[in-house]
Amino acid sequence: MAFEEQVKSFGMTNMLIETDLDEIEKAYDVELREQKGQEVASEIKKAYFPQFESELRAEAAEMARSYELFYCLEKTIRQQIAEMLESMHGQDWWNEKVIPQHIVGEVNKRIQRERESGITPRSTDPLDYTNFGELGEIIKANWGIFASIFNNQKAVEKIMFNLNSLRNPIAHCSQLAEDEKLRLELSLRDWFRLTE
């Protein structure tokens, strides 16, 4: 396993351990580690959280970990795509016709909608405007490049499909069932196994 993959694997293992620690903290209502930005979060909790039902707050805290895992995974996949395509096509790879044109069109529409809304742009990188399903299409469309890091195209498609299905409840504020939490963890492991 390449050093870069070992570092990624270490990071994901660390996140899984943190998930276990979160469960222990929740089960025993203890705080085992200091959280970043805890003072600001505490002020926000004092000001706004009492307005929400305690059951809803507990559900949100539980789902936060799933969101965090998925956020890291999606950002990692985007980074892998960008690095691989840049290494083959140079820094202007997005404009080198390596991205399926329907994805480029959708990304351009999303960028334009964001500009027209007057909000701060989420990014200057068009890849950040792709959705999870489109990331899978980009890998598939450039399999000749990605075959060097992933060991099986069908496995990539299957895992991306599973992850995309899991992404929807996470992104749209629905609670994951216990089986789906396990499926998320297994899918994360499957993803990193693809590069072994």
Check your understanding: Got a sec? How would Val156, Val98 order by Cβ neighbour count within 10 Å, fewest to most?
Key -> Val98, Val156
**Study point:** Residue of Ile145, Ile103, Ile24 that the Gaussian network model of the chain assigns the largest fluctuation, springs spanning Cα pairs under 10 Å
**Key:** Ile24
**Study point:** Phe161, Phe10 arranged by Cβ crowding within 10 Å, fewest neighbours leading
**Key:** Phe10, Phe161
Review point. What helices does the chain hold that run 20 Å or longer along their axis, going by alpha-carbon atoms, with a Kyte-Doolittle average of -0.5 or more, using DSSP H for the helix calls?
Key: 3-28, 54-89, 153-171
Study note, to complete from the structure: Note on the stretch 64-123: the mean projected area of its alpha-carbon convex hull, in nm², is 5.3 nm²
Practice item. Report the Stokes-Einstein translational diffusion coefficient (µm² s⁻¹, integer) for the chain, Rh taken as the Kirkwood radius over Cα pairs, at 25 °C with viscosity 0.890 mPa s. Key: 129 µm²/s
Practice item. Tell me what the chain gives for mean residue ellipticity at 222 nm when only DSSP H runs of n ≥ 4 count, each as -39,500 (n - 2.57), the sum divided by the residue total, rounded to 500 deg cm²/dmol. Key: -24000 deg cm²/dmol
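Rule-based calculations on the coordinates, nothing more; no lab input. Because the structure is a prediction, the values reported are computed rather than measured. Glycine gets a Cβ as well: all are built from the backbone with ideal geometry, and neighbour counts include every protein chain shown.
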